[in-house]
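The next block holds one structure in the form of structure tokens; read it before the comments.
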Amino acid sequence: MEASTRRRLPPEESRAQALDAARALLIESGPQAITLKAVAARMGRTHANLLHHFGSAADLQRALAERMATDITRQIGVAVQAARSGAGDPAAIVALTFDAFGREGGGALASWVILTGERGVFDPMLTAIRELVEQLSSNPADPADRVFLAETTLSLVLTALGQALIGQQLAAALGLDGEAARGLALRHLLAAHDAHGAPRPSQD
């Protein structure tokens, strides 16, 4: 079916589909693959259709970054809440955070930021993570409790991001398993809880 005869989508649905297509291209082929032409082809739509909704490739990329930041922060929030409450399998908590930067595209988003220099793209994610730490602190009046939560979050996020960017290659160069960073993150998570006297995530 020709693009011109396709069902006309409501604007929000069309934008959502375009962002889905752009995210898939980012994860599969990297930031250089996100062009209006490539996204339109992926959707079976026209270049003009995407121009109507986004104005430019840069606007499309910014919209994608904002959506991914929201999605990734939500996943990190789930992991941190589980770690904070002592609920859930610790390996699952680590996996959720690593997946947010791996298969869900957080690492690809970071590579796009590095490539373009658009560091402001990270602002929504950083703000959301900071607010998350504030909300999850069980005793806001206790600076040590907040520091513990902030450090746990920092460790998980940085390790997961590093794994997404270069983890497998670096591990291989060191003669380690490609997913060794996950084990390191898990041990650090459990050790941090023990040192702080917080409940460990359940290992049942």
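Descriptive notes on the structure:
- Taken over region 117-195, the convex hull of the Cα atoms encloses 105 Å³ per residue.
- Between Glu28 and Glu134, the simple spin-label model (points 7 angstrom out along Cα→Cβ) gives 4.0 nm.
- Top positive-direction residue, dipole computed over the chain with Cβ charges, set Leu36, Ala192, Gly106: Leu36
- Computed P(r) (all Cα pairs; region 58-204; 5 Å bins; percent): 2, 10, 19, 21, 18, 15, 10, 4, 1, 0
- Cα centroid of region 143-170 to Cα centroid of region 101-136, whole Å: 13
- From its DSSP helices (H runs of at least four residues, each -39,500 (n - 2.57)), the chain gives a residue-normalised ellipticity at 222 nm of -23000 deg cm²/dmol.
Just so you know, all these numbers are worked out from the coordinates, no wet-lab data involved. No experiment lies behind these values; they were computed from the predicted model shown. Ideal geometry is used to build each Cβ from the backbone, glycine not excepted, and the neighbour counts take in all protein chains shown.
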